[in-house]
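Participant: Below you'll find the structure I mean.
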Amino acid sequence: MASPTGRAGGKGGGRRSPSLAQLRAFTAVAEHLHFRDAAAAIGMSQPALSGAVSALEETLGVTLLERTTRKVLLSPAGERLAVRAKAVLAEVGALMEEAEAVRAPFTGALRLGVIPTVAPYLLPTVLRLVHDRYPDLDLQVHEEQTASLLEGLTAGRLDLLLLAVPLGVPGFLELPLFDEDFVLVTPLGHGLGGREGIPREALRELRLLLLDEGHCLRDQALDICREAGRADAPVTTTAAGLSTLVQLVAGGLGVTLLPRTAVKVETTRSDQLLTGYFADPAPTRRIALVMRSGAARGTEYQELAEALRGALRPLPVRVLDSKA
C-alpha cells in the first residue's frame, strides 16, 4: 500500500516509482541511441532528457545506458527494461484512449496512417466525411509506407491505418472497404493503349515501370506479373511516387499499372497517355482500415468504416460489406 509520501510499501518499500516522463525519456533513448535525436522525438530538451534518464536509473537502482563520447548503448539491464518501459507506456496510452472513448465517441485525436498510393485519391473523401459527420474529431493524417505504419500502430503512435490488405500480421483487425482494379497506363502510340479486354499474359513482354522498394503497390505489381507467367524481375526504372511514374510513361520509358482510384488524378496531367483495361477477372487490390485487435475505440472504428463504405460508392471501386 502506498504511503502518504507516495513511496511504495511492501516488498521493496521505500523506493520511489518511476514517472511517466522518465519512462518516455528512456524509451526514446533506447529507440534512437542518441540523446539529441531522442530529445527531438519527444519534444524535450537534451539536458532534461538526460536528467530524466539519470533519475530513472537512480530510482530503479540499475545502470540502463553505457555512455561514451561517441555513442550511447543499452546495458544488459537496459535491454530488458526497455521492453517493460515500452509496454507500460502503451498501457497508459490505452488507458487514456479508453477514458476518452468513454467520455464521448468521435471526439479527441484520431491519428490515421495512410500509404502514399492511397492518400491523394481517398483523403478528399475521408476528410469530407469526417468534417461533415464527425466535426469534433481531431483527425491527424500521417502518410508513410506500410512497414512504418504497422510499426506505428503496434507502438501506439498511430490509431488507425488505411492501406492495402491482406497483411498477414497477427494482432491487427482488418475492416475491408473496397476492391479496385488495376489498369495499364501506356504512352501514345503503344499497341495496348486504350484497349479493353487486355489479357494478363500481355504483361510478360512489357517494359514495366514500378515504384521504389518499400511500396506495397510495387509488390502487388510484381505479384501480378508472376501470376501472368513472368518469371524475371521487369524493373529497369523506378520512381518514388505515382506522379513521377506516370510522367516516365508519358515520356516513353515504358508502361505501368495504376489502381483505378489514381487514374483520374494522375493521367489527366499529360496528353501523352492512354489507359487500357484488363479482361475479367482484372488484377485487383483490396483497401481496408486496420486497427489493433481489441482497440479501446474499436466500435468507433467499425462505425467509421461503415460510413466510409457509403462515402466511397461514387468512386470506381467495388465497395465491400462489413463481412467481406
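Participant: Open to solvent by 40 Å² or more (accessible area, probe 1.4 Å), more than 29 Å from Glu227 (Cα to Cα) and in contact with a strand residue (DSSP E or B) (Cβ under 9 Å, 6 or more places away or on another chain), is that true of Ser293?
Facilitator: Working: open to solvent by 40 Å² or more (accessible area, probe 1.4 Å): yes; more than 29 Å from Glu227 (Cα to Cα): yes; in contact with a strand residue (DSSP E or B) (Cβ under 9 Å, 6 or more places away or on another chain): yes.
Considered against the rule, which asks whether it is open to solvent by 40 Å² or more (accessible area, probe 1.4 Å), more than 29 Å from Glu227 (Cα to Cα) and in contact with a strand residue (DSSP E or B) (Cβ under 9 Å, 6 or more places away or on another chain), Ser293 comes out as yes.
Participant: Now for a separate question. Just checking, does region 160-171 include any residue being of a type in the set (Val, Ile, Thr), at pLDDT 80 or above and buried (at least 19 other Cβ atoms within 10 Å of the Cβ)? First the steps, then the outcome.
Facilitator: Taking region 160-171 and keeping what is of a type in the set (Val, Ile, Thr), we get 165, 169.
Retained after the next criterion (residues that are at pLDDT 80 or above): 165, 169.
Right, trim to buried (at least 19 other Cβ atoms within 10 Å of the Cβ) and you get 165.
Yes, region 160-171 contains a residue that is of a type in the set (Val, Ile, Thr), at pLDDT 80 or above and buried (at least 19 other Cβ atoms within 10 Å of the Cβ).
Participant: Among (1) surrounded by 14 or more Cβ atoms within 10 Å (Cβ to Cβ); (2) under 26 Å from the mean Cα position of the chain (by Cα); (3) not polar (S, T, N, Q), which single condition is Gly254 missing?
Facilitator: (2)
Participant: Restricting the first residue to region 128-150 and requiring it to be closer than 20 Å to Val169 by Cβ, which pairs with a second residue that is open to solvent by 30 Å² or more (accessible area, probe 1.4 Å) and among the β-branched types (Val, Ile, Thr) meet a Cβ separation below 8 Å and a spacing of at least six or different chains?
Facilitator: Leu150/Val169
Participant: Scan region 179-191 and report the pairs whose first residue is assigned to a strand (DSSP E or B) and whose second residue is of a type outside the set (S, T, N, Q) and open to solvent by 30 Å² or more (accessible area, probe 1.4 Å), with Cβ atoms within less than 6 Å and a gap of 6+ or a chain change.
Facilitator: Asp179/Arg286; Asp179/Arg318; Glu180/Arg260; Asp181/Arg260; Val183/Tyr277; Thr186/Leu274; Pro187/Gly252
Participant: Please tell me if Arg157 is open to solvent by 30 Å² or more (accessible area, probe 1.4 Å), closer than 30 Å to Ala99 by Cβ and under 11 Å from the mean Cα position of the chain (by Cα).
Facilitator: Numbers: open to solvent by 30 Å² or more (accessible area, probe 1.4 Å): yes; closer than 30 Å to Ala99 by Cβ: yes; under 11 Å from the mean Cα position of the chain (by Cα): yes.
Yes.
Participant: Another question about this same structure. Could you list all residues from region 32-49 that are without any contact (Cβ under 8 Å) to a residue 24 or more places away in the chain and open to solvent by 30 Å² or more (accessible area, probe 1.4 Å)?
Facilitator: Within region 32-49, His32, Arg36, Asp37, Ala40, Ala41, Ile42, Gly43, Met44, Ser45, Gln46, Pro47, Ala48 qualify.
Participant: Please determine, by comparing only the residues of region 308-324 that are open to solvent by 10 Å² or more (accessible area, probe 1.4 Å) and touching a helix residue (DSSP H, G or I) at 6+ places or on another chain (Cβ under 8 Å), which one is nearest to Arg195 (Cα to Cα).
Facilitator: Among those that are open to solvent by 10 Å² or more (accessible area, probe 1.4 Å) and touching a helix residue (DSSP H, G or I) at 6+ places or on another chain (Cβ under 8 Å), it is Pro316.
Participant: Residues in region 154-167: is at least one in a helix (DSSP H, G or I), out of contact with any Pro (no Cβ under 8 Å at 6 or more places or on another chain) and not charged (D, E, K, R)?
Facilitator: The initial filter retains those residues of region 154-167 that are in a helix (DSSP H, G or I), namely 154-155.
Imposing the further condition that a residue be out of contact with any Pro (no Cβ under 8 Å at 6 or more places or on another chain) reduces the set to 154-155.
So of that shortlist, the ones also not charged (D, E, K, R) come out as 154-155.
Scanning region 154-167 turns up at least one residue that is in a helix (DSSP H, G or I), out of contact with any Pro (no Cβ under 8 Å at 6 or more places or on another chain) and not charged (D, E, K, R).
Participant: Among the residues of region 256-284, count how many are part of a strand (DSSP E or B), within 14 Å of Tyr121 (Cβ to Cβ) and hydrophobic (A, V, I, L, M, F, W, C). Spell out how you get there, then give the answer.
Facilitator: Initial filter on region 256-284 (part of a strand (DSSP E or B)): 256-259, 273-278, 284.
Add one more test, that the residue is within 14 Å of Tyr121 (Cβ to Cβ), and what stays is 258-259.
Those still in the list that are hydrophobic (A, V, I, L, M, F, W, C) too: 258.
Residues that pass the stated criteria total 1.
The values are calculated or read from the model by the stated rules, or taken from the named source; none is laboratory data. Everything numeric here is computed off the predicted structure, so don't read it as measured data. Cβ sites come from the backbone with ideal geometry, for glycine too, and all protein chains shown count toward neighbours. Please note that ligands, DNA and RNA were not included when accessible areas were found on the heavy atoms of the full protein model with its side chains. Shrake-Rupley method; radii C 1.70, N 1.55, O 1.52, S 1.80 Å.
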